[in-house]
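As structure tokens, the structure follows; a few thoughts come after it.
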Amino acid sequence: MQIRPLDRAEIASWVDLRAMLWPEQPRGELESEGRAAIDAAPPSLVVFVADDGARLLGFIEISLRGYAEGCDGSPVPYVEGWYVREDHRRRGIGTAMMRAAEDWARSLGCREMASDTWIDERNSLEAHQALGFEVVDRCIHFRKSL
């Protein structure tokens with residue numbers, strides 16, 4: 001297995017994985033949003049992928065935000081998306097991708113990293129905590145139609 005930056009020739013495979021992580025979002029949106037992010041100058045997303053030589057097994061997307069809850073520095077490297085195919089989980093792939101993202105962030109002089117997950121997403125919470133992330137806030141958002 002290899003962890004490396006996304007190659008432009010792999011955009012379709014990356015979008016396939018994004019659709020697995022965010023199945024409620026239309027594929028066309030995932031593709032156009034993803035392409036726009038990596039085509040921006042400078043790119044608004046840095047994407048690392050895991051591959052086994054035959055296909056992509058996972059990805060991690062990192063942005064630089066001006067602020068993140070619980071963080072003191074700016075910019076803050078922020079995990080926007082992190083996914084490993086279900087049949088390849090618990091093999092260290094997610095950890096390896098996170099380590100690559102952390103190394104990239106350190107190369108920019110960043111001293112902290114942030115992320116989020118849904119409040120009921122236990123697997124994600126446990127994965128983050130296993131890699132040293134700490135919960136800094138819990139929030140429930142409300143909406144009301146008028």
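The values are calculated or read from the model by the stated rules, or taken from the named source; none is laboratory data. No experiment lies behind these values; they were computed from the predicted model shown. Heads up, the Cβs are rebuilt from the backbone with ideal geometry, glycines too, and the neighbour counts pull from every protein chain shown.
The table below gives the values:
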| item | result |
| --- | --- |
| The listed residue being within 17 Å of the chain's Cα centre (by Cα) and not in a strand (DSSP E or B), out of LEU125, LEU64 | LEU125 |
| Failed item in (1) part of a loop (DSSP other than H, G, I, E, B); (2) closer than 20 Å to ALA19 by Cα; (3) among the small types (Gly, Ala, Ser), with GLY109 passing the rest | (2) |
| Number of the condition not met by GLY58 [criteria: (1) among the small types (Gly, Ala, Ser); (2) touching a residue at least 24 places away in the same chain (Cβ under 8 Å); (3) surrounded by fewer than 14 Cβ atoms within 10 Å (Cβ to Cβ)] | (3) |
| In the range 95-146, the residues that are basic (Lys, Arg) and either within 24 Å of SER74 (Cβ to Cβ) or in contact with a Cys (Cβ under 9 Å, 6 or more places away or on another chain) (or both) | ARG99, ARG106, ARG111, ARG138 |
| Any chance LEU57 is more than 17 Å from PHE133 (Cα to Cα), touching a Lys or Arg at 6+ places or on another chain (Cβ under 7 Å) and part of a strand (DSSP E or B) | yes |
| Scan of the range 11-28 for residues that are exposed (fewer than 13 other Cβ atoms within 10 Å of the Cβ) and acidic (Asp, Glu), ordered by number | GLU24 |
| For GLY34: the one exception among (1) under 18 Å from PHE133 (Cβ atoms); (2) surrounded by 13 or more Cβ atoms within 10 Å (Cβ to Cβ); (3) out of contact with any strand residue (DSSP E or B) (no Cβ under 6 Å at 6 or more places or on another chain) | (1) |
| Flag for ARG138 being among the basic types (Lys, Arg), over 20 Å from ARG18 (Cα atoms) and in a loop (DSSP other than H, G, I, E, B) | yes |
| Residue within the range 97-107 that is in contact with a Ser or Thr (Cβ under 6 Å, 6 or more places away or on another chain) and either modelled with pLDDT under 95 or under 22 Å from GLU33 (Cα atoms) (or both) present | no |
| Residue count for the range 1-51, restricted to those that are of a type outside the set (Lys, Arg) and part of a helix (DSSP H, G or I) | 23 |
| Of the criteria (1) within 20 Å of ASP137 (Cα to Cα); (2) in contact with a Ser or Thr (Cβ under 9 Å, 6 or more places away or on another chain), which one GLY70 fails | (2) |
| Those residues of the range 102-122 which are of a type in the set (S, T, N, Q) and surrounded by fewer than 11 Cβ atoms within 10 Å (Cβ to Cβ), in sequence order | SER107 |
